[in-house]
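Take a look at the structure below.
Bear in mind these aren't lab numbers, they're just calculated from the coordinates by the rules spelled out. Everything numeric here is computed off the predicted structure, so don't read it as measured data. Glycine gets a Cβ as well: all are built from the backbone with ideal geometry, and neighbour counts include every protein chain shown.
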Amino acid sequence: MSDGVWAAPGRVNIIGEHTDYNGGYALPIALPHVVRCAGSTTTDGRVRVTSRQHEGERFEVAVDELADAPVSGWVRYPLGVVHEFHRRGHRITGATLDLDGNVPIGAGLSSSAAIECSVAVALRDLFEFPVSDAELIDISRAAENDYVGAPTGSLDQSASILCTADHALLLDFGENGHDQVAFDLAAAGLELLIIDTNTPHALVDGEYAQRREQCESAATALGVRSLREITDIRAVDTLVDPVLRRRARHVVSENARVLAIADALRTGADPRTIGPVLTVAHASLRDDFEVSTAQLDTAVTTALEEGAHGARMVGGGFGGSIVALTERDSTERIADAVEKRFHASGFAAPRWFVAVPSPGARRIS
Ligand code: GLA
């Protein structure tokens with residue numbers, strides 16, 4: 001018997017990709033898919049971790065030896081969170097953490113943040129740490145950056161902690177602010193179709209870090225602290241380096257797209273109008289940020305040909321999923337068409353589901 005069970009969701013980002021580490025904006029929703037953490041406190045100074053997705057593996061490490069623990073793979077996500085609490089002076093006397101989840105892994109839907117955040121909320125409650133949601137997000141991000149070694153921003157952890165049912169979450173990474181925006185596609189007869197291209201991505205790989213560095217170089221060349229400060233897209237044209245110019249053009253235009261979509265949703269516009277903005281965002285990620293793949297492009301093109309109002313890749317890129325805005329009665333047909341096209345192209349079989357805006361991290365028992 002555990003002392004309790006906590007759950008944290010994966011996310012799908014409606015819009016705002018590669019903006020988080022540029023101090024920009026994003027608009028994610030939480031998925032119904034979660035990682036659950038059954039947690040208990042102990043007093044022997046050791047942390048024990050298991051996962052239903054990795055039967056037969058069982059890790060046990062002393063909390064004060066976590067910094068140099070010779071472990072690799074998925075277990076670094078939960079251990080990184082324990083380590084980060086400990087490093088910040090929150091005393092963990094020992095814990096047992098048993099994980100189980102259904103967030104698709106490597107699909108660009110933040111299965112890693114779901115692990116981190118489920119452990120983070122569990123530890124906060126179990127040890128009654130006086131830690132705000134903002135710090136919880138920061139602890140989870142630090143676990144990912146420093147313990148796992150993936151130089152991400154905090155989009156995924158923010159979404160997993162802060163999202164609420166029936167809403168998209170407008171995140172402002174420059175001001176550290178957020179706002180819930182009502183997001184009711186069902187009322188308009190629409191659905192958000194997620195297609196996992198079944199081509200796993202890995203953010204620890206150099207490409208993500210390289211994009212981040214290029215954005216920093218572009219900001220420096222433009223004389224600003226972060227690309228968020230550039231609001232006039234014409235400023236980007238003054239960049240001499242064509243690669244930096246493309247990277248900056250994506251980020252600056254993407255920030256404007258996030259604000260445009262948030263505005264449309266807030267003012268009660270027909271959600272169909274956001275479709276073309278999603279499609280433009282895909283072109284920007286493909287051509288300017290260069291993080292798409294043949295599978296992602298094929299899924300987007302096919303969805304659009306079959307009548308989706310808009311479609312784009314989601315997450316960091318180099319694999320993972322797309323999101324398409326579809327009429328409810330065409331969702332299945334579009335998903336089938338993508339499946340057929342993938343088969344004909346010799347790609348791995350894709351998987352699909354419909355995403356509804358779901359609650360963020362919480363105690364469930
Ligand atoms: C990954 C990272 C996030 C964010 C997205 C791209 O999901 O973990 O921090 O940068 O890519 O928007």
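Miscellaneous remarks
- Gyration tensor (alpha-carbon) shape descriptor, the chain, a/c threshold 1.5: prolate
- When the charge dipole of the range 78-200 is built from unit charges on Cβ atoms (+1 for Lys and Arg, -1 for Asp and Glu) and taken about the Cα centre, the candidate among 192, 160, 90 whose Cα reaches farthest toward its positive end is 90.
- Net charge of Cβ neighbours under 13 Å - reference residue 167; Lys, Arg +1; Asp, Glu -1: -1
- Average Cα contact separation per residue, the chain, under 8 Å, 6 or more apart, as relative contact order %: 25 percent
- Karplus-derived HN-Hα couplings along the range 227-241 (A = 6.51, B = -1.76, C = 1.60, θ = phi - 60°), whole Hz, x at Gly and Pro: 5, 4, 5, 8, 10, 9, 4, 5, 4, 4, 5, 7, 6, 6, 6
- Counting charges near residue 84 (Lys, Arg +1; Asp, Glu -1) among other residues having Cβ under 11 Å from its Cβ returns a value of -2.
- Residue exposure proxy: 140, 226, 284, ordered by other Cβ atoms within 10 angstrom of their Cβ from fewest to most, comes out as 226, 284, 140.
- Legend: ranking of residues 313, 1 from fewest to most surrounding C-beta atoms inside 10 Å; resulting order 1, 313.
- Options 347, 27, 210, ranked by Cα towards positive dipole end of the chain, top entry (Cβ charges): 347
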